[in-house]
Amino acid sequence: MLDYRNDAVVNDPLFGKPLVGKAAIAAHKTAEMAALSDLAFDVTDRWASGNQLVANWEVTGVHSGPYYNLPPTGNRIKINGSTIVTRDEDGKIIQETLYYDAADMHRQLSGA
């Protein structure tokens, strides 16, 4: 969380609106960490241009804890996506936008 500016914005397709500020971002990341065990985050490619960093990634894990309205299922998940991070002149993250199939993630978590 030290990399984020206090007024940072995270755009995540799982939510209908942006997460604004460190507290909202921290709550979301904490919920993710609590919900997934055996977690692996693999950056498969990344590049920078100016104040932006683009990373392609793959996340795998086991849905072993509650995640928002979804009770733990024990399902193994695998999500591929990309993130674009924009930093300010001091190197702090001012915006982070994630691109992945949120409907597929929900299906994998819920077992539906």
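Derivation of every value follows stated rules applied to the coordinates shown; laboratory data play no part. Please read these numbers as outputs of a predicted model, since none were measured by experiment. Glycine also receives a Cβ, built like all others from the backbone with ideal geometry; neighbour counts cover every protein chain displayed.
Got a sec to turn the phi values of region 99-111 into Karplus ³J(HN,Hα) couplings, 6.51 cos²θ - 1.76 cosθ + 1.60 with θ = phi - 60°, whole Hz, x for Gly and Pro?
Along region 99-111, the couplings run 10, 6, 7, 5, 5, 5, 4, 4, 4, 5, 5, 7, x Hz.
Loop-only check: which chymotrypsin sites (Phe, Trp or Tyr not before Pro) in region 47-81 are DSSP coil with at most 13 other Cβ within 10 angstrom?
Tyr68
Just to check I understand the Karplus step: with θ = phi - 60° and J = 6.51 cos²θ - 1.76 cosθ + 1.60, what whole-Hz values come out for region 73-89, glycine and proline as x?
Karplus values, whole Hz, x for Gly and Pro: 10, x, 5, 7, 10, 8, 10, 10, x, 9, 9, 10, 10, 10, 10, 7, 5.
DSSP loop (so not H, G, I, E, B), at most 12 other Cβ within 10 Å: list which GluC sites (Glu not before Pro) in region 6-111 pass both filters.
Sparse-neighbourhood loop GluC sites (Glu not before Pro): Glu89.
How large is the dipole of region 4-110 about the Cα centre if only Lys and Arg carry +1 and Asp and Glu carry -1, each at its Cβ, rounded to the nearest 20 debye?
Computed about the Cα centre, the dipole is about 200 debye.
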